[in-house]
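Notes follow once the structure below has been shown.
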Amino acid sequence: MSRRLRSGLSAVLIALSCLLVPLGLLSAWAAYGLTDTSRYVTTMAPLAADPDVRDAIAETVGNGILDQIDHQVDARVMRATVAPFVHDAVRSFTQTAAFRTAWNEGNRVTHDAVLRALRDEPGEQDRPVTVDLAPVASHVKDQLAQDHVPLANRIPVEHTEVALLPAQELGRLRKGFHVLEVAGFWLPVAAVTFAVAGITLAVCRRRALTATALGTALGGALLAVAIAVGRSLTLS
């Protein structure tokens, strides 16, 4: 093999390696890091103290309780009387240690449910992934009863399920998750293989090694910038 051909193949392989490094790292992190339930729960835990999250939960759970009153109890006057107490009770509950515990446990159960849905084989039994708000509603009911709110004991508490992943989207998401798992393993392997092959074929291996290191560092820098931007947008 001529020196020119060896140099050309070496440059192509090293370029491919440098291109695959950030893609492989990102895929591996997404495939294995995001499937770590404990890490997910730890990451989501601080959101329990966020005022916007608390307000959203107070509004959602409070409205859910009031909707149950409308459907099962013929008492419009009761709704008007109890509504302020319901929302205040939920908002008060979101400031307690019990809520933070429930938040973490809810995220753990939800994460497990999503992973099971994405890893299961497709079939006719696909159902939406849901989270049950009944435990929160039950706590609010008990709190209202302790505060002697009129007719609080008559508030119905049912298994109020909120859909996280619609059943019709599970097939597409399952395929994407499978591709991500495959890419998370094989892209890093391919990057290392191309780098070793490129350095081995190079006429000047020291120069090839330097180029590989610089290209990998540049790819890592671009990946860091992309993660910073993506993190900012996601948290917002």
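The values are calculated or read from the model by the stated rules, or taken from the named source; none is laboratory data. Just so it is clear, the model here is predicted, and its values are computed rather than measured. Side chains included, ligands, DNA and RNA excluded: accessible areas come from the protein's heavy atoms. Shrake-Rupley method; radii C 1.70, N 1.55, O 1.52, S 1.80 Å.
Label the range 6-58 by shape, choosing from rounded, prolate and oblate, from the square roots a ≥ b ≥ c of the eigenvalues of the Cα gyration tensor; if a/c is under 1.5 it is rounded, and otherwise prolate applies when a/b is larger than b/c, oblate when it is not.
Here the range 6-58 falls in the prolate category.
Where the accessible area of the range 181-236 is counted over protein heavy atoms with a 1.4 Å probe, how much of it, in %, is carbon and sulfur?
Carbon-and-sulfur percentage of accessible area, whole number: 75.
What shape does the range 179-236 have by the C-alpha gyration tensor, where a ≥ b ≥ c are the square roots of the eigenvalues, rounded means a/c under 1.5, and otherwise prolate means a/b greater than b/c and oblate the rest?
Oblate, because a/c is 1.5 or more while a/b does not exceed b/c.
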